[in-house]
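Okay, so here's the structure we're looking at.
Any read-out appearing in this document is the output of simple, stated calculations on the displayed coordinates, not a laboratory observation. Model, not experiment: these values are computed from the prediction. Every residue, glycine among them, receives a Cβ derived from its backbone with ideal geometry; neighbour counts consider all protein chains shown.
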Amino acid sequence: MKKYIFRRFLQVLLVILGATFLTFTLTYISPGDAAEILLTAHDTVPTEEVLERTREEMGLNDPFMLQYGRWLKGLSQGDLGISYRAKVPVMDVLAQRIPMTVKLSITALCFLVFFSLLLGILSAIYQNRFFDYIIRLLSFFGISIPSFWLGLLLIYWFVVKMRYFTITNPNELKSILLPAITLTIPLVGRYTRQIRASVLEELSQDYVLGARARGTKEIKIIFQHVLPNAIIGIITLFGMSIAALLSGTVIVENVFLWPGLGSMALEAIEYRDYPLLQGYVIFMSIVYVALNFVVEIVTQYLDPRVTIGAERKIK
Amino acid sequence: MVKKLLAFFIIIVMVFILIGCGKSVETETNQEAVLGEGNELKVLNMALFWLDANIEPTEGWHGWTLSRAGIGENLVQFDENMNLKAVIAESWETVDERTIIFHIREGVKFHNGKAVDAEAVKKSIERALDISNRDDVKFPLTSMEADGHKLTIVTEDAYPTLLNNLADPVFTIVDVSAAEDPNFKYQPIATGPFKVTSFTPDVGLTLEKHDEHWSGEVAVDIVNVKYIQDGSVRTMALQSGEIDLATQINARDLSLFENNDEFVVHKGPNLRIFLLRFNMDKPYMQHLAFRQALAYGIDKETYARELVNGVPAKGPFTDELSFGHQGEDFYKYDPQKANQLLDEAGFIDTNGDGIREYQGENIVLKYISRTNHGNDANNIGIAMQSQFKDIGIGVEVVQVENYSDMAKNGDYDLKWERWTSAPTADPENFLSSYGTDGPGNVGNYSNPEFDRLYDELRITFDKGSRDQLGMDGAELLMQDVASLFLYYQEGTVVTNKKVDGIYRFISEVYYIDERVQVK
């Protein structure tokens, strides 16, 4: 296990190095000058002297490898640099944004797990009956609805018309509900259909027939036998969805004024804020590698035939 | 089992509905606590469409937030009609072309209670000159002397726009002794009717009234300034009552508030001009007739009214400014005239493919804009593509995330630009971008007559003469078709009925001041 964790750690380092180098290179070669973007944000044109001075201050006149090397050296000392736009340490910007994204992701995840399992199982149990058709129709709509439209629609009904919620107070407890629901609905649509298919597949297995023949209660069959087998394949997908949620969701964040990582990353790209973008990339690298690790552990727990850190074995 | 699951599902849904049904505006209700019998706190919730990472006034354009939210004040400022007014300075006198004496108003206090005298103002201005990166508003200072409430500023040379520059939010008067505090950039100590109590990046600010403001009692106790970038969300926040005041409402949403007794709409052109700058290095652009044909070939009126809900532009400056062109547009949409001009100038379609040629090559103009210029830039490009077809000119519409490299390399014919044309109520800044070596003159426009006017403007002191020179310069650019000036943005301020004392400032540098009231 120790060896495995060490290997994972090395993997994180390699991913970070690769991802940050790639991001730095791509942003560097993409057109645009960070100093100019920053200084023309208010529709006025700076003088060439100011531009040059700003470029010098930002270190943009240095060669590419020197800039990347300097950033890497800072990173080795735990310094992620200063954000060009916010002019505060990148760590501080991330520290403000990450909790908001984590809060939103966890809430969305809770909704996702609860509703997709509930609807997926119900849909499978009532296969080809009215209830199943309704759920399938709803999940179809869920997948098809664009997030920004759904978000605006929810705001219109629940904020403007009914005034149940507010959108300008992100720190208010209940203000998380609408963005979380907007994020969840398309995902629930997708997962409901997948869970339905997996549960149906398991329900047709001989062990289910045997359990029923033995007089085992239906609820026990579903939760103790069918579900653990049915969700094994979906766990990996869940892991990736969690990572996607944690990476921030630009549209939902913008519509609901949610100061999360998605809009931050977009702004960092727009302003060519290299240090902030690199900080984001590091965070996401860690999230993806860590989630892969967690998914493996959960999969092993649910399916003991899988052994962590080894080839898949059939005992 | 199914029944149990359904019951559980229903319970969860009920819980969410109950949470949702709670009183919605909790934070505001807390603030609207009763101070004493009959003394309810007056709270204003306003939206800003732009918020920088901090509000240190000497950094870039961050000071705009201070002026927009009534936090910062200058010696002099521009009122809603772009006239200079005395603020921290009670009056001023121009001694000669290099010297101005300001008489500082008695009774002005910083947000921390310290009195403002000439010495405090001097330090604040010196600080801005020293550390600001805004070279465009800095001025060459010879000396600044403070004597009680008298401040004398002497510039190195005649500096006609000194007052205009001092009105820029970069020169917001702040308590320099408090600026050492690292928190100063989030809670600057200024003199405006409202002081910052909290600043949250990307979320907004909370302000409370400055009890010792020089104007007397400020009528609003708390201002919640909320950063709402998206225009649709600002509209919905106004409709839901979460905010009382918002600016830059999408034109298509304005009808929701106009003819609605609950809201008041103020609108009119602001200082933002949208234009297409020519790449004068392209040989055909050197021909005046060609540029005139392009000007005749576009229906600005329709673009402005139907595509972008703006005000059609005649020149760089709106006629609400004292140096704006007051007459008719020199080139109104006239495709016949455009065709005639092109024919006469020798731009002929010899191969009959519908596109005129220049030196054997089809003339296809590359029209570039940035993605953050939005659909408006693209839509106008497409409309132009269609209209230029009628005059035998091709257009390739390109929208990229960033066009600075294309601009530097001259890889364009028409470049979409968006300018705040006279933020300090003076024409010099914008006109400089058409001077032969002027900053921002990426299209390499050059006109000796214009350069002469511009050079004269730079040394002219008298406001009336400056206005005339500004107008002459602008008209010359219009006649010479130095650019295609398309439209002015329509500035909008929408408030609900409970707010009073709101004015639409043409400059959009101010949204609220000491006159604001909440009923």
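For the range B:292-364 versus the range A:20-96, the spacing of their alpha-carbon centroids is 40 Å.
Using Cα centres only, tell me the gap between the range A:185-233 and the range B:137-158 in whole Å. Using only Cα atoms to place each centre, the spacing works out to 82 Å.
Here the range B:269-489 is treated with +1 on each Lys and Arg Cβ and -1 on each Asp and Glu Cβ, and its dipole about the Cα centre works out to around 420 debye. Could you point to the residue in B:Phe330, B:Ile355, B:Ala377 farthest towards the positive end of the range B:303-380's charge dipole, with +1 and -1 charges on the Cβ of Lys/Arg and Asp/Glu respectively? So the residue furthest toward the plus end is B:Ala377.
Antiparallel beta bridges, as assigned by DSSP with both residues in the range B:269-489, represent about 65 percent of the total such bridges. The dipole here belongs to the protein assembly as shown: it is taken about the Cα centre, uses +1 on the Cβ of Lys and Arg and -1 on the Cβ of Asp and Glu, and is about 6060 debye. Shape class for the protein assembly as shown: prolate, because the ratio a/c of the largest to smallest gyration tensor axis (alpha-carbon atoms, square roots of eigenvalues) is 1.5 or more and a/b beats b/c. What are the lysines whose alpha-carbon lies under 27 Å from the alpha-carbon of B:Lys282, with same-chain residues fewer than 8 places away excluded? Straight-line reach from B:Lys282, under 27 Å: B:Lys300, B:Lys314, B:Lys332, B:Lys337, B:Lys366, B:Lys389, B:Lys408, B:Lys415.
Expressed to the nearest 5 percent, the antiparallel share of DSSP beta bridges inside the range B:320-444 is 20 percent. Straight distance only, please: which lysines reach the Cα of A:Lys3 with their own Cα at less than 20 Å, same-chain residues fewer than 8 apart left out? Reachable lysines: A:Lys313. Among the GluC sites (Glu not before Pro) in the range B:106-200, those placed in a DSSP loop whose Cβ has at most 14 other Cβ atoms within 10 Å are B:Glu106, B:Glu156, B:Glu180. Near B:Leu141, the amide H atoms lying under 5 Å from its own belong to B:Glu156; only residues 5 or more places off or on other chains count, and H is placed 1.01 Å from N. Here A:Glu52, A:Glu36 are placed in order of increasing Cβ neighbour count within 10 Å, fewest first, which gives A:Glu52, A:Glu36.
Taking every residue in A:165-177 and counting other chain Cβ atoms within 10 Å of its Cβ, the average works out to 6. Working from Cα pairs under 8 Å separated by at least six residues, relative contact order for the range B:269-489 is 35 percent.
Under the simplified labelling scheme, the B:Glu301-B:Ile382 pair shows an inter-label distance of 2.4 nm, with each label point 7 Å from Cα along Cα→Cβ. Just checking the listed ones, A:Thr184, A:Thr40, A:Thr107: in the Gaussian network model of chain A with Cα springs under 10 Å, the one fluctuating most is A:Thr40. Taking amide H as placed 1.01 Å from N in the peptide plane, the amide H of B:Gly60 sits under 5 Å from that of B:Asn133, B:Arg134, each at least 5 places away or on another chain. For the range B:47-201, the relative contact order is 32 percent, taking Cα pairs closer than 8 Å that sit 6 or more residues apart in sequence and dividing their mean separation by the residue count. Report the net charge of residues surrounding B:Asn402, where surrounding means a beta-carbon distance below 10 angstrom and charges are Lys +1, Arg +1, Asp -1, Glu -1. Overall, the nearby charge balance is -3.
Mean sequence separation of contacting Cα pairs (under 8 Å, at least six apart), scaled by the length of chain B, corresponds to a relative contact order of 19 percent. I'd like to know which of A:Ala230, B:Gly310, A:Gly78 lies farthest towards the positive end of the charge dipole of the protein assembly as shown, counting +1 on Cβ of Lys and Arg and -1 on Cβ of Asp and Glu. Most positive-ward Cα: A:Ala230. Evaluating 6.51 cos²θ - 1.76 cosθ + 1.60 at θ = phi - 60° for every residue in the range A:94-111, the Karplus couplings come out as 4, 4, 7, 7, 4, x, 5, 5, 4, 4, 5, 5, 5, 4, 4, 5, 4, 4 Hz, glycine and proline recorded as x. Once the Cα atoms of helix B:118-131 and of chain B are each reduced to a long axis, what angle between those two axes, in degrees from 0 to 90 to the nearest 10, is obtained? That helix lies at roughly 50 degrees to the long axis. Listed by chain and number, the aspartates and glutamates whose alpha-carbon sits under 18 Å from that of B:Lys519, ignoring those within fewer than 8 places in the same chain, are B:Glu28, B:Glu32, B:Glu37, B:Glu40, B:Glu208, B:Glu217, B:Asp221, B:Glu242, B:Asp244, B:Asp261, B:Glu262, B:Asp500. Counting only alpha carbon atoms, the long axis of helix A:232-246 and the longest principal axis of chain A meet at about 30°. If R0 is taken as 56 Å, the Cβ-Cβ distance between B:Asn83 and B:Val398 corresponds to a FRET efficiency of 0.85.
Under 5 Å between amide hydrogens, built in the peptide plane, is the criterion, and for B:Glu73 it picks out B:Ile173, B:Thr191, B:Gly192 among residues at least 5 positions away or on other chains. Averaged over peptide B:234-244, the number of partner chain Cβ atoms lying within 10 Å of each residue's Cβ comes to 5. A simple charge model with +1 on the Cβ of Lys and Arg, -1 on the Cβ of Asp and Glu and nothing else charged puts the dipole of chain B at about 1560 debye relative to its Cα centre.
The order of B:His111, B:His325, B:His287, going from fewest to most other C-beta atoms within 10 Å of their C-beta, is B:His287, B:His325, B:His111. Shape annotation for chain B: C-alpha extents along the principal axes are 86, 85, 40 Å, from largest to smallest.
The fewest-to-most ranking of A:Phe115, B:Phe317 by surrounding Cβ atoms within 10 Å reads A:Phe115, B:Phe317.
Cβ-Cβ distance of A:Tyr133 and A:Glu218, R₀ of 22 Å, FRET efficiency by 1/(1 + (r/R0)^6): the value works out to about 0.55. Helix A:274-302: angle to the longest alpha-carbon principal axis of chain A, degrees 0 to 90, nearest 10? It works out to around 20 degrees. Got a sec? Charge dipole of chain A, +1 on Cβ for Lys and Arg, -1 for Asp and Glu; which of A:Tyr4, A:Tyr288, A:Ala35 is way out at the positive end? Of the listed residues, the answer is A:Tyr4.
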